[in-house]
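Asker: First, the structure itself, so that you have it in front of you.
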Amino acid sequence: MARHWAPLESLNKPGTLSASQGVGLGIAVSTTAPPRWWNDSGMSRTQGFTSWLKTHAKDQSAIGDLARDVAADPDWPSRRQLRGQREYLEERGAIPAAVETLERAWELYEARQEG
């Protein structure tokens, strides 16, 4: 079950611990999922690269093109890191721009993970 710190006002609301359960210092530990605004980037901290990339499938950009290609490829190595995915593209004769787009997408993904 997901846990996050909740403000004092959430005490005694469904899904949170009450003050009588030993929570002090003006915070409660919530047992509900964090609200959507918790991470304004639209992705969870644990979302994998391929899942993140597929969220860009409607983008009219090189990353959007890559996302659509990845979504349509049943053999895409989603569990591999950048190196394995780059090798996959190169083994299949991808043009250099596709490999560069993959690398740029990974940079954006990693920046979101850090932010």
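Asker: Can you pull out the residues in region 54-103 that are crowded, with 16+ Cβ neighbours inside 10 Å, small (Gly, Ala, Ser) and not in a helix (DSSP H, G or I)?
Answerer: Ala57, Ala94
Asker: Still on this structure: Restricting attention to region 83-115, which residues are closer than 13 Å to Leu66 by Cα and among the polar types (S, T, N, Q)?
Answerer: Gln85, Thr101
Asker: Quick one: count up the residues across region 45-82 that are more than 13 Å from Trp106 (Cβ to Cβ), of a type in the set (Ser, Thr, Tyr) and modelled with pLDDT of 95 or more.
Answerer: Of the residues in region 45-82, 3 are more than 13 Å from Trp106 (Cβ to Cβ), of a type in the set (Ser, Thr, Tyr) and modelled with pLDDT of 95 or more.
Asker: Next question, about the same structure. For the subset of region 104-115 comprising residues that are of a type outside the set (D, E, K, R), assigned to a helix (DSSP H, G or I) and touching a residue at least 60 places away in the same chain (Cβ under 8 Å), which member is nearest to Phe49 (Cα to Cα)? Show your work before the answer.
Answerer: Going through region 104-115, the residues of a type outside the set (D, E, K, R) turn out to be 105-106, 108-109, 111, 113, 115.
Pick out the ones that are also assigned to a helix (DSSP H, G or I) and you get 105-106, 108-109, 111, 113.
Applying the additional criterion that residues be touching a residue at least 60 places away in the same chain (Cβ under 8 Å) yields 109, 113.
Numbers: Tyr109: 7, Gln113: 10 Å.
By that ranking, first place goes to Tyr109.
Asker: Another question, if that's okay. Is one or more of the residues making up region 10-23 assigned to a loop (DSSP other than H, G, I, E, B) and either modelled with pLDDT of 50 or more or hydroxyl-bearing (Ser, Thr, Tyr) (or both)?
Answerer: Initially, region 10-23 is screened for residues assigned to a loop (DSSP other than H, G, I, E, B), giving 11-15, 17-18, 22-23.
Now drop any that are not either modelled with pLDDT of 50 or more or hydroxyl-bearing (Ser, Thr, Tyr) (or both), which leaves 18.
Yes; the residues of region 10-23 include at least one that is assigned to a loop (DSSP other than H, G, I, E, B) and either modelled with pLDDT of 50 or more or hydroxyl-bearing (Ser, Thr, Tyr) (or both).
Asker: Cβ contacts < 6 Å: first residue β-branched (Val, Ile, Thr), restricted to region 42-58; second residue modelled with pLDDT under 95 and surrounded by 13 or more Cβ atoms within 10 Å (Cβ to Cβ), any location; separation 6+ or different chain. Result?
Answerer: Thr50/Ser78
The values are calculated or read from the model by the stated rules, or taken from the named source; none is laboratory data. Computed from a predicted model, the values in this text were never measured in an experiment. With ideal geometry, Cβ positions are generated from the backbone for all residues, glycine too; neighbour counts draw on all protein chains shown.
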